Amino acid sequence: MSNSGRKRPPLVAPKRSRKAPAKAARRKPAAKRTRSKPARKRNPIIAFFARIIGWILRLVWRITWRVGAVIALIVGVSVGYTYTTLPEYSALLDGRAKGSVTLLDRAGDVFAWRGDQFGGVVDANTVSKHLKNAVIATEDRRFYLHPGVDPIGIASAIRINLSEGRGPLSGNGGSTITQQTAKLLCFGVEFDETQWKNEAEYVADCRRSSLWRKAKEAVYALAMELKYTKDEVLSVYLNRAYLGGGAYGAEAASQRYFGKPAANLNVSEGAMLAGLLTAPSTLAPTSNLERSQNRASVVVGLMRRQGYLSDKEAALALANPAELSAAAEAQAGGYFADWVMASGPEFFTRDTTEDVIIKTTLDQRLQRAAEDALSYIFDNKVREGSKAQAAIVVMSADGAVRAMVGGRKTKVVGAFNRATQARRQTGSAFKPFVYATALELGYNFDSVVVDEPYCLNIPGSGRWCPENYTRKHYGRVTLAEALRQSLNVPAVKISESVGRDLVRKVASEFGIESDLAAGPALALGASESTLLEMTGAYAGILNGGSSVTPYGLVELSLLGDSTPLMGSGGGIGERVIREEAARELIYMMSRVVDGGTGSRAKLPDREAAGKTGTTQAARDAWFLGFSADYVAGVWMGYDDNTPLTGVTGGGLPAEIWHETMVRVHEGVPVKPLPMLRPTPRPTPGPTVRQRRAPGANPIENLLRGLFGMN
């Protein structure tokens, strides 16, 4: 049969479905056969401890970050609270509880400082760059990098302390300048007199070190860094830091030691001030300049290593160490300055809360003259190892004190002043006031007194017979001769003749304020007085017979004020004896120096007058006298009243007086003494035994009427 008419399918392969047929299970290629190592089993003990350690570490971490978070929160809150309590920057610059006193000499130059000296506010940007760099190099070289606390510095300090066998907080503290400023501010705690006995105790409490204090210090420092700029923090530090010598702040220290503003300090001077920060009292250049210079050289080395100085600049600074100014080096008039401070009102001197300027009578040339004279005598004429002391006062005839030495050590502050504080028997130095009384009553320099054995009956004491130093008697002598030889019997006779009460009155009005002896030994200087009182009394003789109040303070004013708050409280007062009597007494006293007991005091080029004084057993030796220009007094003795060996008023005290006055009068024109210049008289004056009849002299009549004398 045929298949014609039927369409045949094409001779092609059928179309494959796009759907992939089910995959046959794939055969994994046979793994290569390798020789496998048997698995090591972990030591169960090690595994156990590893698990324990891991657990502990995880626990510590969990606790640490939680505790850290809590601490960070507490610190943040504390810093934030402290920030709110911080005062304005300007209120932090001067933190002194008391003020300062600057003393000027008669020429207006500074010679001494007392109290907490503050020279004025300085700024970190205006102060000398050398001082600023020196402080940073010494105290905190990462100052501009840390936030107030320096962890690197703390770690380094702890490492150093432990390596040196100290506690971690003992010795190096790693404190930044900001932390040190926080301590200077006492963390904002003000001084309270009810809480601390004194300011020193308050400061010591602020400096106390403990973990709690360190934490408080860190918090306060962080708050300060938030409140103030770096330069403001540094400025507070530069204004508040104590730099020795009573100086608080860079300006005060710069003026105190170098006599210049802090803005003008050179490298050596800036390094010296920065070096004082570690131990200001010990390293102060006024205490030990060499030690201060050595410390400054260390600071220069730090500045060079930290890039603040080139090798050439550092070498130049080391070759030219800082030197004290003339005023600081002299440390003039320590005794004088203390006396002026004590003589002024306390609220403007010792307890002042203001900065005070006091102009004084001190003459620094004369002060050096007195100090040099004392040193010369003790170096050349006093045996080595002697504990004897001496004091000198130099003043003008109006009582203006020009120089004062209160002991052998002259560069002192607050020391016992033998010129003003030591009350000693005056001996024969008192006799001029006996003769002044007699001259005022009408006696003359050539009135005659008989030097002979003489005794008095003293109620309650019995018979008293004065003797001359030589144990001899000289018969009829004039008053001038009796004073020239310092005879005791004539002096007692004169005193008894004119009346002890009158002698006491005259001496008291001349300025001897001490209690004067009531018995006849008054005439021989049994009473006590100070060298300042005695010198002032002699000044009254020189000025013509008027009383004198010694003074050193001329004007007192507050810093910045042109109007003085007070003036001098001394000078010439009321007349005590007639000018004629004073001139006659000066003549008599000139004979003491010209061939009498005080001949060692004689000056080579000008007239001088004075009187020696030696007390019982030579416990005190005096010489007081004057030229036409200056009055000077010298006392010598032991503080414990030990008798002097071979010393009288006409010996070493007269020589000290001579050396002082020779130096004092250098360049001073020669002037004659204002004294009587007698011409020979045909007949001697009346003797004491032949006293003038009452009423023969009107002045005597007046005085006798006042004292009720018969």
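The values are calculated or read from the model by the stated rules, or taken from the named source; none is laboratory data. Predicted, not measured: the structure shown is a model, and the values here were computed from it. Here the Cβ positions follow ideal geometry from the backbone for every residue, glycine too, while neighbour counts run over all protein chains shown.
So which residues in segment 382-414 are part of a loop (DSSP other than H, G, I, E, B) and of a type in the set (Lys, Arg)?
Across segment 382-414, the qualifying residues are ARG383, LYS387, ARG408, LYS409, LYS411.
For ALA124, are the conditions met, namely being buried (at least 18 other Cβ atoms within 10 Å of the Cβ) and in the same structural domain as LEU276 (by TED's automatic domain parsing)?
Criteria met by ALA124.
Which of (1) surrounded by fewer than 16 Cβ atoms within 10 Å (Cβ to Cβ); (2) assigned by TED's automatic domain parsing to the domain that holds ASN133; (3) without any contact (Cβ under 8 Å) to a residue 24 or more places away in the chain does GLU346 not meet, given it meets every other one?
(2)
Please go through segment 538-571 and pick out each residue that is among the β-branched types (Val, Ile, Thr) and under 27 Å from VAL101 (Cα atoms).
Answer for segment 538-571, where residues must be among the β-branched types (Val, Ile, Thr) and under 27 Å from VAL101 (Cα atoms): VAL548, THR549, VAL554, THR563.
Test VAL506 against the stated conditions and say whether it is within 28 Å of ARG583 (Cβ to Cβ), touching a Ser or Thr at 6+ places or on another chain (Cβ under 6 Å) and either assigned to a helix (DSSP H, G or I) or at pLDDT 95 or above (or both).
In short, yes.
Within segment 493-524, count every residue that is more than 23 Å from GLY460 (Cα to Cα) and among the polar types (S, T, N, Q).
The number of residues fulfilling the criteria is 2.
Before we move on, is TYR202 among the hydroxyl-bearing types (Ser, Thr, Tyr), assigned to a helix (DSSP H, G or I) and under 25 Å from the mean Cα position of the chain (by Cα)?
So TYR202 passes the test.
For segment 569-658, list the strands (runs of 3 or more DSSP E) that sit wholly inside it and hold at least 3 residues that are touching a residue at least 24 places away in the same chain (Cβ under 8 Å) and under 21 Å from PHE445 (Cβ atoms); which are they?
Passing ranges, in order: 609-614, 620-626.
Kindly list, by first and then second residue, each pair from a residue in segment 465-480 that is of a type in the set (S, T, N, Q) to a residue that is outside any loop (DSSP other than H, G, I, E, B), limited to pairs with Cβ atoms under 8 Å and residues at least 6 apart or on different chains.
ASN468/ASP451; ASN468/ASN488; ASN468/VAL489; THR478/VAL448; THR478/VAL449
When you scan segment 301-324, do you find a residue that is among the hydroxyl-bearing types (Ser, Thr, Tyr) and under 25 Å from the mean Cα position of the chain (by Cα), even just one?
no
Every residue in segment 118-157 that is of a type in the set (Gly, Ala, Ser) and either closer than 30 Å to ILE357 by Cα or touching a residue at least 40 places away in the same chain (Cβ under 8 Å) (or both), please.
GLY119, GLY120, ALA124, SER128, ALA134, ALA137, GLY148, listed by residue number.
Please state which of the following conditions TRP464 fails to meet, knowing it meets all the rest: (1) surrounded by 15 or more Cβ atoms within 10 Å (Cβ to Cβ); (2) touching a strand residue (DSSP E or B) at 6+ places or on another chain (Cβ under 8 Å).
(1)
Each row is one residue, and each column tells you yes or no for (1) surrounded by fewer than 21 Cβ atoms within 10 Å (Cβ to Cβ); (2) modelled with pLDDT of 95 or more.
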{"site": "PHE510", "(1), (2)": "no, yes"}
{"site": "ASP515", "(1), (2)": "yes, no"}
{"site": "GLY525", "(1), (2)": "no, no"}
{"site": "THR530", "(1), (2)": "no, yes"}
{"site": "PRO550", "(1), (2)": "no, yes"}
{"site": "SER557", "(1), (2)": "yes, no"}
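For segment 303-313, check the following and say yes or no: at least one residue is in contact (Cβ under 8 Å) with a residue 24 or more places away in the chain, touching a Leu at 6+ places or on another chain (Cβ under 9 Å), more than 25 Å from TYR144 (Cβ to Cβ) and surrounded by 13 or more Cβ atoms within 10 Å (Cβ to Cβ).
Checking segment 303-313: not a single residue is in contact (Cβ under 8 Å) with a residue 24 or more places away in the chain, touching a Leu at 6+ places or on another chain (Cβ under 9 Å), more than 25 Å from TYR144 (Cβ to Cβ) and surrounded by 13 or more Cβ atoms within 10 Å (Cβ to Cβ).
Can you give me the ranges of the helices (runs of 4 or more DSSP H) entirely in segment 255-321 with at least 2 residues that are of a type outside the set (A, V, I, L, M), in contact with a helix residue (DSSP H, G or I) (Cβ under 9 Å, 6 or more places away or on another chain) and under 17 Å from ILE136 (Cβ atoms)?
Correct list: 267-275, 289-305.
Take segment 106-132 and flag every residue that is modelled with pLDDT of 85 or more, within 28 Å of LEU553 (Cα to Cα) and either touching a Lys or Arg at 6+ places or on another chain (Cβ under 8 Å) or assigned to a loop (DSSP other than H, G, I, E, B) (or both).
Of everything in segment 106-132, those that are modelled with pLDDT of 85 or more, within 28 Å of LEU553 (Cα to Cα) and either touching a Lys or Arg at 6+ places or on another chain (Cβ under 8 Å) or assigned to a loop (DSSP other than H, G, I, E, B) (or both) turn out to be ARG106, ALA107, GLY108, ASP109.
Conditions (1) within 22 Å of PHE510 (Cα to Cα); (2) of a type in the set (Gly, Ala, Ser); (3) under 52 Å from the mean Cα position of the chain (by Cα), marked per residue:
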position: GLY427; (1), (2), (3): yes, yes, yes
position: PRO432; (1), (2), (3): yes, no, yes
position: ALA436; (1), (2), (3): yes, yes, yes
position: GLY442; (1), (2), (3): yes, yes, yes
position: PRO453; (1), (2), (3): no, no, no
position: ARG463; (1), (2), (3): no, no, no
position: HIS473; (1), (2), (3): no, no, no
position: THR478; (1), (2), (3): no, no, yes
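In segment 205-225, how many are over 18 Å from PRO147 (Cβ atoms) and either touching a Pro at 6+ places or on another chain (Cβ under 8 Å) or assigned to a helix (DSSP H, G or I) (or both)?
6
Can you tell me which condition ALA419 does not meet? The list is (1) of a type in the set (A, V, I, L, M, F, W, C); (2) more than 21 Å from the chain's Cα centre (by Cα); (3) crowded, with 24+ Cβ neighbours inside 10 Å, and all the others hold.
(2)
Inspect segment 618-638 for any residue being over 30 Å from the mean Cα position of the chain (by Cα), farther than 19 Å from GLY399 by Cβ and surrounded by fewer than 24 Cβ atoms within 10 Å (Cβ to Cβ) and give the result as yes or no.
Taking every residue of segment 618-638 in turn, at least one turns out to be over 30 Å from the mean Cα position of the chain (by Cα), farther than 19 Å from GLY399 by Cβ and surrounded by fewer than 24 Cβ atoms within 10 Å (Cβ to Cβ).
Within segment 226-247, how many residues are outside any helix (DSSP H, G or I) and surrounded by fewer than 24 Cβ atoms within 10 Å (Cβ to Cβ)?
7
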